[in-house]
Amino acid sequence: MIDRLPDRLDLIATADAGRVLKGSIALAKLERVLPALHSDQGELQVELELGKDPDGTRYLAGTIRGTVGLQCQRCLDAMDLSLDLEFRLGIVQSQAEIASLHERYEPMLVGSEPTAIADIVSDEVLLALPLVPTHSDNRECQEFVKAYQPPQPEQRDNPFAMLAALKQKPQ
Ligand SMILES: [Zn+2]
């Protein structure tokens, strides 16, 4: 186990050697993800396992966990999205290798240069982001919060009373 992430990695050599790498990556380093984010503050926890399957396929399996801040497209306020991603890529060096790759892998085409870890993470995060992010419950949306007036002042400090009031609302 290597407890930090390098900026770049020779995926072929690392898969041949067999390694697990673990560490965090700052959101600010994920340049291609940044336009989709409300904030570049924070980091993601990344674990990468490189190795060779019994059939000789070099693979990159990994997990990405953390929280990214997006902008809700319903109320335009900030919203957090928790990421808990798992992926398994087959490392290939040519189009011909992509064609013969087992379908359980997504192909990861590498050239002669070491691959930037930030690019690998960016690709997976972009795939996971919703096309139109919105708060999952529209009661979280800013407009609703503004419009909502607690019926009784004494209930303001009691979240359970507020919950009860919400539950009593007719559907
Ligand atoms: Zn919203």
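The values are calculated or read from the model by the stated rules, or taken from the named source; none is laboratory data. From a predicted model like this one, the values you see are computed outputs, not experimental measurements. Ideal geometry is used to build each Cβ from the backbone, glycine not excepted, and the neighbour counts take in all protein chains shown. Note: accessible area is taken over every heavy atom of the protein model, side chains too, but ligands, DNA and RNA are not part of it. Shrake-Rupley method; radii C 1.70, N 1.55, O 1.52, S 1.80 Å.
Take the range 40-77 and flag every residue that is in a loop (DSSP other than H, G, I, E, B), out of contact with any helix residue (DSSP H, G or I) (no Cβ under 8 Å at 6 or more places or on another chain) and under 20 Å from Ala128 (Cβ atoms). Write out each step before concluding.
Filtering the range 40-77 for residues in a loop (DSSP other than H, G, I, E, B) gives 40-42, 53-57, 72-77.
Next, from what is left, pick out any that are out of contact with any helix residue (DSSP H, G or I) (no Cβ under 8 Å at 6 or more places or on another chain): 53-57, 73.
If the condition is that a residue be in a loop (DSSP other than H, G, I, E, B), out of contact with any helix residue (DSSP H, G or I) (no Cβ under 8 Å at 6 or more places or on another chain) and under 20 Å from Ala128 (Cβ atoms), then Gln73 is the only one that fits.
Take the residues in the range 79-122 that are farther than 26 Å from Arg4 by Cα and among the acidic types (Asp, Glu), then tell me which one is nearest to the ligand (Cβ to nearest atom).
Step by step, filter the range 79-122, then rank; the result is Glu103.
Take Pro133 and decide whether it is surrounded by 14 or more Cβ atoms within 10 Å (Cβ to Cβ) and under 20 Å from Gln41 (Cβ atoms). Quick ask: steps written out before the conclusion?
Values: surrounded by 14 or more Cβ atoms within 10 Å (Cβ to Cβ): yes; under 20 Å from Gln41 (Cβ atoms): yes.
For Pro133, the condition - surrounded by 14 or more Cβ atoms within 10 Å (Cβ to Cβ) and under 20 Å from Gln41 (Cβ atoms) - is met.
Considering only residues that are over 21 Å from Leu11 (Cα atoms) and not charged (D, E, K, R), which ones fall in the range 57-80?
Gly66, Thr67, Val68, Gly69, Leu70, Gln71, Cys72, Gln73, Cys75, Leu76, Ala78, Met79
Hey, could you check the range 46-74 for residues that are open to solvent by less than 20 Å² (accessible area, probe 1.4 Å) and among the β-branched types (Val, Ile, Thr) and say which is farthest from Glu140 (Cα to Cα)?
That would be Val46.
Considering only residues of the range 1-45 that are under 15 Å from the mean Cα position of the chain (by Cα) and among the basic types (Lys, Arg), which is surrounded by the fewest Cβ atoms within 10 Å (Cβ to Cβ)?
Arg32
Residues of the range 97-122 being assigned to a helix (DSSP H, G or I), open to solvent by less than 70 Å² (accessible area, probe 1.4 Å) and free of Cβ contacts under 8 Å to residues at least 60 places away in the same chain, which ones?
Glu97, Ile98
Are any of the residues in the range 55-69 over 17 Å from the mean Cα position of the chain (by Cα) and within 20 Å of Arg4 (Cα to Cα)?
yes
Kindly provide the set of residues from the range 45-73 that are among the hydroxyl-bearing types (Ser, Thr, Tyr) and touching a Lys or Arg at 6+ places or on another chain (Cβ under 8 Å), ordered by number.
Selection gives Tyr59 alone.
Give me the pairs, please: first residue somewhere in the range 1-17 and modelled with pLDDT under 95, second residue anywhere and among the polar types (S, T, N, Q), beta-carbon distance under 8 Å, and either six or more positions apart or on two chains.
Leu5/Ser24
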